[in-house]
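S.K.: Sharing a structure here in C-alpha cells format.
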Amino acid sequence: MTATPAAYGSALLLEHAAHLHVDVLVQAVALTLTLSRTGSTADTADRIITLAVLPPVAVAAAETSSLMSGHPAVGDTVFTALICATIAVRRFGPRATRAGTLAVLPLIAVLVVQTPGGPPSGHDRDLWAALVALIAAFWGLTTRWAADRTGFTRPATAYTPPAPARASGGLRPSASTRMSLQMGGAVGAGFAAGHLAFSAHWTWVVLTAFVVCSGARGRADVLHKGVLRTVGAAAGTAAATVIAGMFGAHDSRSIIVIFAVLAVATWLRPFGYAYWAGCVTAVLALLYGYFGQSAPDLLATRLEAIVVGAVLGVAASWLILPVRSIDVLRRRTADALAALGEFLSAARRDPGRLSDHQVRFDAGVRRLEQIAGPLRAHRRLRRTGRPHPADAIDAVRRCAGPVHTIARCAAEHGDVLAAPDILRLNAAVAADLTQARCAVGRRADPGHRPAAVGEEAAPASPDAPPADRVRTALIELDTALRSLPEIFTPPGG
C-alpha cells in the first residue's frame, strides 16, 4: 500500500502534465496493487523480467483495448488468445512462469480501467500505457527492496517445485495446457455472455470468469473460489449501498476512502477471498459515485454479472480437461514429502545444508495451504468416520514445527545429529516417510522397516537439552507421517 498511492501520485502528475485521461490513474493503481501481490524475490533476474515484460505488454494491452472498442469480435478474440498465452508459457520453466504472471497484469488492468466516460483512443495512448507500467514497476520494486533492506519484510526465497512427471506416451496435456484451455473457454464465454446480457458492463462478467478460473488448483478450488467471490460481492453490494451516497461526484474525499478500503482488502485477503471481493465491490461503488453514476443500480447489475461470470468459470474448469482436486493434493503432498526426505537425509549426511532444505519444505507446506480452503470446507460439511483428504494437509503442516526445531538445534549444536540414537530415530522416521510417499504416489510399499520410533512423546521444553528436543521432534514427525497412508489408501486397498 506504500507503493500504490506513490504510483497514483506519479500518474496524477503525469496526467496533469500531459493532459491525459483519468484512466491512467486507474491503470497505475490496478497495476501496482496487483504487481505487489504477485510478490518478488531478491533475485536480480526477477526484477529485470518485471521491467522487461510490463511495458511492451502494456502497449499490447492498450492496442487490444482499442481493438475491443472498434471491433469487439476481433478484439475479444485477441484478448482471449493473449490471456491463454500467458498461461501456456508456464510449461517452459520458472522464468517463463514469472513472465507469464506479469504479462497478465496489464491485460487485466484493461478490464479494470473501463471507467465511465472511457479513455480516448489513439496510438499515443500506447506510449503512455508503457510509461504508466514502468511507474508501477518502479514503485512496486522500490518499496519491496526498501522493505527488505530495512528488515520490515524478509526477501522471498525463490523456490522451484519439482517438475511434474509426464504421462507415458506424452498424450496427456500438461497442467499449463489444461489451465490455458480452461481459461480460454471461460473468458471466451464471458465475452459472449457479457455483450449479450450486460451491454456496457460486459467487463464484469469477463473479469469474474478470469478470477474464478485463474490459478485453478482442481475442480473443488474453482467452485470454492466462485462461491466466495459471489458471497463477497453480495456483502460488498450491501455495504456499498450504504456508503454510495456519502460522497458527491468528483469529491476528493472518496479517493482517500478508496485507498483506505484497498488497504483493508489487502490486509484481509490472506484470510479469505470473500473479504477481498467485498472490499473491491465497495471500491467500485466509490469509483462510480466519483464519476456521478448511480452506484446502487450499477452494483445490482454487477452482482448479476459476477454470478454469471462465476458460473462460466466453474463450468469451464469442470468440463474442459478437468483436474481432480485429489490429484492436486497427491502431487503437492508428494512434493512436500520429497523435500522432507531431503531434509532428513541432510540431517544424517550434511547438516550444514539443513536450512536450505527447511526452506524447500516450508515452501511445500505453503503450496499445500493454497489448496486447503475447499478441502477443509468439504470436511466440515461431510464428516465421516474415515480420514478426510484435508487431514493430509494438517498432517504435513504438523511436520513444520519439528523440522524447524531440528534445524535450529543443528545450527546451535553441530554434533547433536551425529549421536547414535538420533541416527537410529532418523532412519526409522525416514522409513515411515517412505511408506507415506508410497501411499501418496499409489506405489507398492518396499516393506523393510528399521526399529520402531516409539510412542508419541510429550513436547520438549525449550530449556531441555538439544538431544532431547531433537528426539522429541523426530517422534512428532513420525507420528504425523504415520497418519498419511490411511488417508491416501482407499478402503480395502
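Any read-out appearing in this document is the output of simple, stated calculations on the displayed coordinates, not a laboratory observation. Nothing here was measured: the structure is a model prediction, and the numbers come from that model. All Cβ positions, glycine included, derive from the backbone under ideal geometry; neighbour counts span all protein chains shown.
S.K.: Over all directions, average the projected area of the Cα convex hull of the chain and note it in nm².
M.R.: Its Cα hull, projected and averaged over all orientations, spans 26.0 nm².
S.K.: While we're looking at this one, here's another question. Of the options 228, 434, 29, report the single residue whose Cα projects farthest towards the positive end of the charge dipole of the chain (beta-carbon charges: Lys, Arg +1; Asp, Glu -1).
M.R.: 434
S.K.: Relative to the longest principal Cα axis of the chain, at what angle does helix 372-381 sit, 0 to 90 degrees, rounded to 10?
M.R.: 80 degrees
S.K.: Same structure, new question: Quick one: Debye curve from the C-alpha atoms of the range 1-145, no solvent, what's log10 I(q)/I(0) at q = 0.11, 0.18, 0.22 Å⁻¹?
M.R.: These q points yield log10 I(q)/I(0) values of -0.38, -1.01, -1.40.
S.K.: Sorted by packing (mean other beta-carbon atoms within 10 Å per residue), highest first, where do 278-291, 387-400 land?
M.R.: By packing density, highest mean first, the sequence is 278-291, 387-400.
S.K.: Taking Cα centroids, how far is the range 218-296 from the range 467-490 in Å?
M.R.: When both Cα centres are located, 44 Å separates them.
S.K.: If packing is taken as the average number of other Cβ atoms within 10 Å across a peptide's residues, how do 413-422, 208-217 rank, most packed first?
M.R.: Put in order of decreasing packing, that is 208-217, 413-422.
S.K.: Still on this structure: Between residue 380 and residue 349, what is the spin-label point distance in nm, taking each point 7 Å from the Cα along the Cα→C-beta axis?
M.R.: So the label points at residue 380 and residue 349 sit 4.4 nm apart.
S.K.: Expressed in nm to one decimal, what extension gain is obtained for the pair residue 48 and residue 427 from 0.36 nm per residue of sequence separation less their Cα-Cα distance?
M.R.: 132.0 nm
S.K.: I need the Kirkwood Rh of the range 325-488: take the reciprocal of the average 1/r across all distinct C-alpha pairs and report it in angstrom.
M.R.: Final number for the Kirkwood radius of the range 325-488 is 16.1 Å.
S.K.: Per residue of the chain, what 222 nm ellipticity follows from adding -39500 (n - 2.57) for every DSSP H run with n ≥ 4, rounded to the nearest 500?
M.R.: -24500 deg cm²/dmol
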